[in-house]
Structures are given as structure tokens and as C-alpha cells.
């Protein structure tokens, strides 16, 4: 379990770099509204995360990709909503910089929402590779 958790956290780090990079380009270079950048970054990060998790973190290429992709899309949609509205609410309510809000919300959602749902719903453990 620790191996899978560690790998999924590295995948999350790669996805976070894509997510935050997209957000930063959208806002700082493109001068666009940060909430839209949060959503766009989350989508780009989700694609990155799905592919790394499927083939490396959870080694879940035993299952058909379309089923995993559908379940991942459901989890990612929930994550996108939680991230976007969480960042917006914290930024507007407490007057924090959007990036501070983003880091806080992303960490909480990653640990308490994304990892458990990815592990047990999206990439259901392969019974042949998981100890009982």
C-alpha cells in the first residue's frame, strides 16, 4: 500500500505542476479570470494524473481503459467542482491570494477525496497483484 500511495503522490505532483503551470499562464500571462484558470488547470492536471496512475502508480492497465476513464471523469468532475469553488470561496471570503487558496484546497482534496476514490473506485485493485 505504501508503494502505491507514494507513487500516486508523485503522479499527483506531476499533475500539480501541469495544473499550477496552466493556472499561472492563464492568469499571469493571459491576464484572464483566475477561477477559469483553476478549472482549466484542473482539467489538464487530471489528464496527466490519469495516465500516470493507470500505467505506473496503480499498475491498473489490466482493466479496460474506457471503464477507468469514465470513473476517473466522474471523480475528476467532483474534484474540479470542489477545487474551483473552494478556491473561489477562500479567495473571496478571506481575501487571500488565489495561489494560497489553490495550494490549501488542492492539498485537502488530494488527500481526502482524490486518493481514496482513485485507489478503490477508479483503479480497483487487481486481485492477482494485491495481497489479501
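Between residue 93 and residue 2, the C-beta separation translates, for a Förster distance of 35 Å, into a calculated FRET efficiency of about 0.45. Relative to the longest principal axis of the Cα atoms of the chain, the long axis of helix 2-24 makes an angle of roughly 30 degrees. Compared with the dominant Cα axis of the chain, that is its longest principal axis, helix 98-109 is turned about 20°.
Taking every pair of alpha-carbon atoms in the chain, give the share separated by more than 21 Å as a whole percent. Mind showing how you got there, number by number?
Numbers: 3414 of 8646 pairs.
Of all Cα-Cα distances in the chain, 39 percent exceed 21 Å.
Calculated mean residue ellipticity at 222 nm for the chain: -22000 deg cm²/dmol, from DSSP H runs with n ≥ 4 weighted as -39500 (n - 2.57), summed, divided by the residue count and rounded to 500.
If you run the Gaussian network model on the chain, springs between alpha carbon atoms under 10 Å, then out of 58, 94, 20 the most flexible one is 94. Based on C-alpha pairs under 8 angstrom that are at least 6 apart in sequence, region 2-122 has a relative contact order of 25 percent.
Taking 0.36 nm per residue of separation and subtracting the current Cα-Cα distance, fully stretching the chain between residue 66 and residue 111 would add 13.7 nm. Seen against the Cα atoms of the chain and their longest principal axis, helix 34-52 is set at about 20 degrees.
Note on residue 59/residue 13: beta-carbon distance plugged into 1/(1 + (r/R0)^6) with R0 of 22 Å gives a FRET efficiency of 0.75.
Readers should treat all values here as calculations from the given coordinates under stated rules, not as data from a laboratory. This is a predicted model, so every value here is computed, not measured. So basically every Cβ, Gly included, is an ideal-geometry build from the backbone, and we count neighbours across all protein chains shown.
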